[in-house]
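Student: One structure is given below, represented as structure tokens, and several questions about it will come after.
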Amino acid sequence: MILSILYISDSTEKGRGVFTSADIPANTIIEISPVIELSKEDRKTIEQTKLYYYIFEWGKKKKKGALGLGYVSMYNHNYNANCEYEMDYDENTIAIKTIKKINAGEELFINYNATPDDASPVWFDAK
């Protein structure tokens, strides 16, 4: 499930990102998408490719990986995110929910640290 008001476009942040064509209230689930689960070994292989930037840590021990389908892997990172994500390991899905009101034309962001306001450096800022 992806809201029809979401679209992919060029981002001023990084490459392309997810945007909305209409206002979205806070606390709205905007997407629930399946993931392709990667074994610990597959994750190590994928981390040697460009897909490294699009996968999520996966599983209760965070040793596996997951590639989000739908738009899930296209949300850009922001330390002051306007959305959050929730992983469902049993259903192999990731849900995206707004945590702030988002205006039409705005880009939607998640915090790659898994907590919307966690300012800990993410892997590409720590280099």
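The values are calculated or read from the model by the stated rules, or taken from the named source; none is laboratory data. Given the structure is predicted, the values throughout are model-derived calculations rather than measurements. Every residue, glycine as well, gets a Cβ built from its backbone with ideal geometry; the counts of neighbours run over all protein chains shown.
Student: Note down all Cβ pairs under 7 Å where the first residue falls in segment 37-62 and is farther than 18 Å from Val122 by Cα and touching a residue at least 40 places away in the same chain (Cβ under 8 Å), the second is surrounded by 14 or more Cβ atoms within 10 Å (Cβ to Cβ) and of a type in the set (A, V, I, L, M), and they're at least six residues apart or on different chains.
Tutor: Glu37/Ala66
Yes or no, residue by residue, for (1) more than 9 Å from the chain's Cα centre (by Cα); (2) among the polar types (S, T, N, Q); (3) within 27 Å of Ser9 (Cβ to Cβ):
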{"position": "Thr45", "(1), (2), (3)": "yes, yes, no"}
{"position": "Thr49", "(1), (2), (3)": "yes, yes, yes"}
{"position": "Tyr54", "(1), (2), (3)": "no, no, yes"}
{"position": "Ala66", "(1), (2), (3)": "yes, no, yes"}
{"position": "Tyr75", "(1), (2), (3)": "no, no, yes"}
{"position": "Glu91", "(1), (2), (3)": "yes, no, no"}
{"position": "Lys100", "(1), (2), (3)": "yes, no, yes"}
{"position": "Ala104", "(1), (2), (3)": "yes, no, yes"}
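Student: While we're here: Name the residues in segment 82-119 that are among the hydrophobic types (A, V, I, L, M, F, W, C), in a loop (DSSP other than H, G, I, E, B) and modelled with pLDDT of 95 or more, would you? Walk me through it before giving the result.
Tutor: Step one: filter segment 82-119 for residues among the hydrophobic types (A, V, I, L, M, F, W, C), giving 83, 87, 94-96, 99, 102, 104, 108-110, 114, 119.
Still in the list and also in a loop (DSSP other than H, G, I, E, B): 99, 104, 114, 119.
Residues satisfying the conditions are Ile99, Ala104.
Student: Looking at (1) among the small types (Gly, Ala, Ser); (2) closer than 20 Å to Thr115 by Cβ; (3) surrounded by 14 or more Cβ atoms within 10 Å (Cβ to Cβ), which is the one condition that is false for Ala26?
Tutor: (3)
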